[in-house]
């Protein structure tokens with residue numbers, strides 16, 4: 001089975017709004033065993049919406065469209081549905097009652113044009129919206145099962161995860177999840193390609209390589225007929241890739257890096273504190289996203305200024321004067337100071353130049369020193385990271401967390 005996604009709205013085409021709906025829907029449909037073969041965005045023009053919907057309902061078994069269901073002049077999806085089905089738009093009394101009840105429940109006065117939200121082509125079904133006011137719509141057009149959802153991402157997710165997914169399972173059965181997500185850090189896409197190039201033709205799975213801000217994600221998709229054979233193919237391919245890439249693969253289940261580090265901290269009972277400069281508290285923020293991490297995370301210090309480095313984590317003033325705040329020596333002193341003052345097992349430190357100003361020929365923008373202090377000493381890593389200020393911070397935080405991950409793996 002193949003599906004098409006139609007994302008409707010001028011705001012997507014103009015770049016004023018990021019399209020996250022297609023990513024969400026493609027992922028959820030793939031997990032349900034339905035391959036998304038086409039994704040297209042169209043503006044708020046009736047003829048373009050009609051043309052695209054007319055095309056995809058002829059070519060695909062499942063079509064999901066988002067946007068254009070509101071009451072304003074540029075919400076034209078209902079009219080487009082009428083055009084492609086040849087059906088008149090009629091007032092659906094249950095839908096109107098549902099929308100009015102949603103407004104009453106929220107203590108809001110219904111707008112004067114509320115009836116426009118309940119106009120649907122004859123034969124179209126309304127789908128309850130647990131996260132908003134405007135319901136989705138469902139109908140069969142030709143060979144296609146067509147769903148039209150509001151454009152708000154949280155509403156798309158709520159509607160799809162409820163009635164839409166249930167209907168798809170009832171219609172097509174519950175297909176096994178036949179994908180595996182491997183996440184890497186500290187290795188480039190080109191290096192990964194070189195290391196596993198000879199494996200790809202014989203893996204028996206499709207491989208998608210997705211470069212992201214802090215690493216490369218590898219998505220494996222199995223086309224084997226049964227669940228057992230699909231899982232066997234995925235196991236074999238994942239094992240072969242991990243065999244080549246080693247510890248650069250930090251997850252084979254799609255977990256985020258901070259989740260992996262947090263789990264390792266909890267599993268080993270290792271306590272930790274941070275002293276951050278260029279990352280501004282991002283490392284400790286990410287760790288606090290992990291449930292239960294209070295058992296291991298003692299504190300996070302943002303020692304941004306030189307004065308803070310001296311007063312909060314005990315860096316010697318003359319060390320900063322001799323080597324500069326962005327240096328191996330200061331990073332080491334920050335990590336050791338964080339560990340000693342908190343009385344914990346691990347101390348992480350970050351110091352660097354996030355830019356866009358402040359760099360020099362000797363210390364360019366993107367230069368960071370990361371340190372990890374532990375009972376056996378203190379490790380320091382030097383990196384020159386590419387990107388704007390926000391991206392350099394994210395990449396530095398990821399590399400710092402990865403230092404902790406590698407050390408924690410050595411304990412087991």
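The values are calculated or read from the model by the stated rules, or taken from the named source; none is laboratory data. Note that the coordinates shown come from a computational prediction; the quantities given were computed from them, not determined experimentally. Reconstructed Cβ throughout: ideal geometry from the backbone, glycine too, with neighbour counts over all protein chains shown.
For segment 274-296, which positions are under 21 Å from residue 412 (Cα atoms) and in contact with a strand residue (DSSP E or B) (Cβ under 7 Å, 6 or more places away or on another chain)?
If the condition is that a residue be under 21 Å from residue 412 (Cα atoms) and in contact with a strand residue (DSSP E or B) (Cβ under 7 Å, 6 or more places away or on another chain), then 287, 296 are the ones that fit.
When the residues of segment 76-94 are narrowed to those that are at pLDDT 85 or above and assigned to a loop (DSSP other than H, G, I, E, B), which ends up nearest to residue 40 (Cα to Cα)?
Only one residue tops the list, namely 76.
Considering only segment 130-164, how many residues are part of a strand (DSSP E or B), in contact with a strand residue (DSSP E or B) (Cβ under 6 Å, 6 or more places away or on another chain) and free of Cβ contacts under 8 Å to residues at least 60 places away in the same chain?
Residues flagged as part of a strand (DSSP E or B), in contact with a strand residue (DSSP E or B) (Cβ under 6 Å, 6 or more places away or on another chain) and free of Cβ contacts under 8 Å to residues at least 60 places away in the same chain within segment 130-164 amount to 2.
Answer with yes or no whether residue 33 is surrounded by 16 or more Cβ atoms within 10 Å (Cβ to Cβ), assigned to a loop (DSSP other than H, G, I, E, B) and assigned by TED's automatic domain parsing to the domain that holds residue 154. Before the answer, list the steps.
Numbers: surrounded by 16 or more Cβ atoms within 10 Å (Cβ to Cβ): yes; assigned to a loop (DSSP other than H, G, I, E, B): yes; assigned by TED's automatic domain parsing to the domain that holds residue 154: yes.
Yes.
Please go through (1) outside the structural domain of residue 117 (by TED's automatic domain parsing); (2) within 17 Å of the chain's Cα centre (by Cα) for residue 204 and return the number of the only condition it doesn't satisfy.
Failed condition: (2).
Could you tell me which residue of segment 364-382 is surrounded by the most Cβ atoms within 10 Å (Cβ to Cβ), considering only residues that are part of a strand (DSSP E or B) and free of Cβ contacts under 8 Å to residues at least 24 places away in the same chain?
Across segment 364-382, the extreme among qualifying residues is 381.
Restricting to segment 84-94, name every residue that is in contact with a helix residue (DSSP H, G or I) (Cβ under 7 Å, 6 or more places away or on another chain) and either outside the structural domain of residue 155 (by TED's automatic domain parsing) or surrounded by fewer than 19 Cβ atoms within 10 Å (Cβ to Cβ) (or both).
If we filter segment 84-94 for residues that are in contact with a helix residue (DSSP H, G or I) (Cβ under 7 Å, 6 or more places away or on another chain), which is where we start, we get 84, 88-89, 91-92.
Answer for segment 84-94, where residues must be in contact with a helix residue (DSSP H, G or I) (Cβ under 7 Å, 6 or more places away or on another chain) and either outside the structural domain of residue 155 (by TED's automatic domain parsing) or surrounded by fewer than 19 Cβ atoms within 10 Å (Cβ to Cβ) (or both): 88, 89, 91.
Is it true that residue 218 is surrounded by fewer than 18 Cβ atoms within 10 Å (Cβ to Cβ) and farther than 30 Å from residue 58 by Cβ?
No.
On the given criteria, is residue 115 touching a strand residue (DSSP E or B) at 6+ places or on another chain (Cβ under 9 Å), surrounded by fewer than 23 Cβ atoms within 10 Å (Cβ to Cβ) and touching a residue at least 24 places away in the same chain (Cβ under 8 Å)?
Numbers: touching a strand residue (DSSP E or B) at 6+ places or on another chain (Cβ under 9 Å): yes; surrounded by fewer than 23 Cβ atoms within 10 Å (Cβ to Cβ): yes; touching a residue at least 24 places away in the same chain (Cβ under 8 Å): yes.
Considered against the rule, which asks whether it is touching a strand residue (DSSP E or B) at 6+ places or on another chain (Cβ under 9 Å), surrounded by fewer than 23 Cβ atoms within 10 Å (Cβ to Cβ) and touching a residue at least 24 places away in the same chain (Cβ under 8 Å), residue 115 comes out as yes.
For segment 308-331, check the following and say yes or no: at least one residue is surrounded by 15 or more Cβ atoms within 10 Å (Cβ to Cβ), at pLDDT 95 or above and under 18 Å from residue 407 (Cα atoms).
Yes; the residues of segment 308-331 include at least one that is surrounded by 15 or more Cβ atoms within 10 Å (Cβ to Cβ), at pLDDT 95 or above and under 18 Å from residue 407 (Cα atoms).
Of the conditions (1) free of Cβ contacts under 8 Å to residues at least 60 places away in the same chain; (2) more than 19 Å from residue 155 (Cα to Cα), residue 30 clears all except one; give me its number.
Result: residue 30 fails condition (1) only.
Which one of 123, 97, 107 is farther than 29 Å from residue 51 by Cα, assigned by TED's automatic domain parsing to the domain that holds residue 49 and not in a helix (DSSP H, G or I)?
Criteria check complete, one pass: 107.
Keeping to segment 136-160, report how many residues are within 20 Å of residue 44 (Cβ to Cβ), within 26 Å of the chain's Cα centre (by Cα) and surrounded by 21 or more Cβ atoms within 10 Å (Cβ to Cβ).
8
Count, please, the residues in segment 54-75 that happen to be part of a loop (DSSP other than H, G, I, E, B), crowded, with 22+ Cβ neighbours inside 10 Å and touching a helix residue (DSSP H, G or I) at 6+ places or on another chain (Cβ under 6 Å).
Result for segment 54-75: 2.
A quick yes/no check of all residues on (1) in a helix (DSSP H, G or I); (2) touching a residue at least 12 places away in the same chain (Cβ under 8 Å); (3) closer than 30 Å to residue 143 by Cβ; (4) out of contact with any strand residue (DSSP E or B) (no Cβ under 6 Å at 6 or more places or on another chain):
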| site | (1), (2), (3), (4) |
| --- | --- |
| 166 | yes, no, yes, yes |
| 174 | no, yes, yes, yes |
| 180 | no, yes, no, no |
| 193 | yes, yes, no, yes |
| 198 | no, no, no, yes |
| 228 | yes, no, no, yes |
| 238 | yes, yes, no, no |
| 254 | no, yes, no, no |
| 264 | yes, yes, no, yes |
